[in-house]
Amino acid sequence: MIDIHAHIIPDVDDGAESMEDSIAMLRKSAASGVNTIVATPHLLPGSYMVSVDGCDEILLKLRNLAAELNIPIEILSGRECYLTPEIFEFEKDLHKLTINNAGKYILVELPFHDTPDYVYQLIFDFQMKGITPIIAHPERYHDVIYDPNFVRTFIEKDCLIQVNIGSVLGKYGSEVKKTSYVLLENRMAHIVASDMHTSHSTPLGSGVDAVSEIVGEEESRNLLYRRSKALIEGRVLAIPEPLDYRPKRNFWNLWGLLGE
Ligand SMILES: [Fe+2]
């Protein structure tokens, strides 16, 4: 399996706090069946701002230590960029923020409580530079929990959608779990990743059975391996058309709608 979202670089964001912590996370991932992991420290101007070169330096040390300890996992570079207009000022060379430095895909995070209009302009700006945004864990965003079809706004703008394995397993509560199921069942999710922050986080491999049960074995391979492989190689992805999801309304939902 390939995990494209993990906070395994120590002491640069709210993820791993030490090298020991990072090594414990790598061991846990490898034991769950992950053979490649993309280190995606937060980039949030004003809060998490360690430079690309600073992160790369620590990544190299971590890579060497993991090899010395014979942990069978390849560590690649990436970043989770909070979508704010300052992002382009902070890092002029956006190529360096992309997954595996391939210059094609970038993991982006949106505000959790609402979706400001500038988000769409930033998505467009990335695409004008030939970089496709991957929206991290939309099942955790209020607008998507309220209406999962909101994700289609991003799919129609040629973004990719990444769901967290912890969401599928209910680690963020029942609403987020339900939303992650809706996205997976209706082909509105393209990649599943871990978003590990500590050695207690759920590694990607823990959710293989759950994902297979929702989408079947063939699509679970796409979600956990094939599409992520294309991303790290900078290849173009063929993504499925989303299904037409209509929320089931029970009597009380209907009553609420009539009362609006
Ligand atoms: Fe993350």
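Here, each number is a calculation from the coordinates, and none is a lab measurement. Note that the structure is predicted; figures quoted are calculated from it, not measured.
Numbers at a glance
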| item | result |
| --- | --- |
| Cα centroid separation - the stretch 176-225 against the stretch 1-60, whole Å | 20 Å |
| D_trans [Stokes-Einstein, Kirkwood Rh over alpha-carbon pairs] for the stretch 52-204, 37 °C, 0.692 mPa s, µm² s⁻¹ | 198 µm²/s |
| Rounded to whole Å, sorted largest first: equivalent-ellipsoid semi-axes of the stretch 54-93, Cα gyration tensor | 29, 10, 6 |
| Residue-averaged 222 nm ellipticity for the chain, from DSSP H runs of 4+ at -39500 (n - 2.57), nearest 500 | -10000 deg cm²/dmol |
| Built amide H within the under 5 Å cut-off of residue 160, gap 5+ | 134, 135 |
| Amide H contacts of residue 98 (H built 1.01 Å from N, under 5 Å, at least 5 apart or other chain) | 103 |
| Under Karplus coefficients 6.51, -1.76 and 1.60, residue-wise ³J(HN,Hα) of the stretch 186-200 in Hz, glycine/proline x | 10, 6, 9, 10, 10, 9, 10, 9, 8, 6, 4, 10, 9, 6, 8 |
| Folded to 0 to 90 degrees: helix 19-31 orientation relative to the chain principal axis, Cα | 60 degrees |
| Contact order normalised by residue count of the chain, Cα under 8 Å, 6+ apart, percent | 20 percent |
| Rh by Kirkwood over Cα pairs, then Stokes-Einstein D for the stretch 1-120 at 1.002 mPa s and 20 °C, µm²/s | 145 µm²/s |
| Members of 104/171; 61/229; 92/171; 61/171; 129/178 lying beyond 28 Å, as alpha-carbon distances in this model show | 104/171; 92/171; 61/171; 129/178 |
| Calculated Rg and Dmax of the stretch 3-49 using C-alpha coordinates, Å | 11.1, 36 |
| Compactness of the stretch 2-258 as Cα Rg over 2.2 N^0.38 Å, two decimals | 0.98 |
| For the chain, share of DSSP beta bridges that run antiparallel, in % to the nearest 5 | 5 percent |
